[in-house]
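What follows draws every value from the coordinates through simple rules; no lab data is involved. What you see is a predicted model; the values in this text were computed from it and never measured. Here the Cβ is made from the backbone with ideal geometry for all residues, glycine too, and neighbour counts use every protein chain on show.
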Amino acid sequence: MADTEEDTLGIIELEQNLADVEKPPEIPPGVYKGEVQDVSIPTSGKGNQYFAVKFVIPPEELPADIAEHYDEGAILFWNRTIVPNGKDRRALYNLKKFVEAIGLPLGTSVDPNEWMGQQARLRVVMGKYQGEERAEIKSLEAADNPAGRKTAAAPKAAAAPKARGRR
């Protein structure tokens, strides 16, 4: 139950009937530049705090036929960086790699507020969540790494069968 009037949930008026809503096409696998637009620190089911980083891929980074479905850009989350507590070397190393990928200097303090507006290249793959295929971030790369830039992969055509000769 809500404690204050501000916590009270109200009716949401939608522009479209939910019965008519279809899933937009997924972003094809590839590497896209994305910008950090939100960071929160939730707690996992195992009790670990982690950084939930919201990346937005602008429409101009997406293939034209996909971009038309994402007017505000495509949103993907990076939820793999645990908030280090103590000297957990793996958590510290993963945080280091994340901070490097978004182009911030390394040091003895980290301010997640500074992450806002930073960019990285997102390696996007297809994964499954609750039985449905969806695009997800597999890894991050520095945004200023044009050598690592690959265009979004189109679905691969089936390879032509190899000609077989007689011996």
Residue in region 12-19 that is at negative phi, among the hydrophobic types (A, V, I, L, M, F, W, C), without any contact (Cβ under 8 Å) to a residue 12 or more places away in the chain and not in a loop (DSSP other than H, G, I, E, B) present: yes
Matching residues in region 32-46 - criterion: being touching a strand residue (DSSP E or B) at 6+ places or on another chain (Cβ under 8 Å), outside any strand (DSSP E or B) and not polar (S, T, N, Q): ILE41, PRO42
Number of the exception - ASN85 against (1) in contact (Cβ under 8 Å) with a residue 40 or more places away in the chain; (2) outside any strand (DSSP E or B); (3) surrounded by fewer than 17 Cβ atoms within 10 Å (Cβ to Cβ): (1)
Verdict on GLY103 being of a type in the set (Gly, Ala, Ser) and on the phi > 0 side of the Ramachandran plot: yes
Top-ranked residue in region 40-57 [being surrounded by 16 or more Cβ atoms within 10 Å (Cβ to Cβ) and under 14 Å from the mean Cα position of the chain (by Cα); ranked as farthest from VAL110 (Cα to Cα)]: ILE57
Residue in region 47-69 that is assigned to a loop (DSSP other than H, G, I, E, B), touching a strand residue (DSSP E or B) at 6+ places or on another chain (Cβ under 9 Å) and small (Gly, Ala, Ser) present: no
Candidate set: region 70-79, residues that are assigned to a strand (DSSP E or B) and free of Cβ contacts under 8 Å to residues at least 40 places away in the same chain; chosen: the one surrounded by the most Cβ atoms within 10 Å (Cβ to Cβ): ASN79
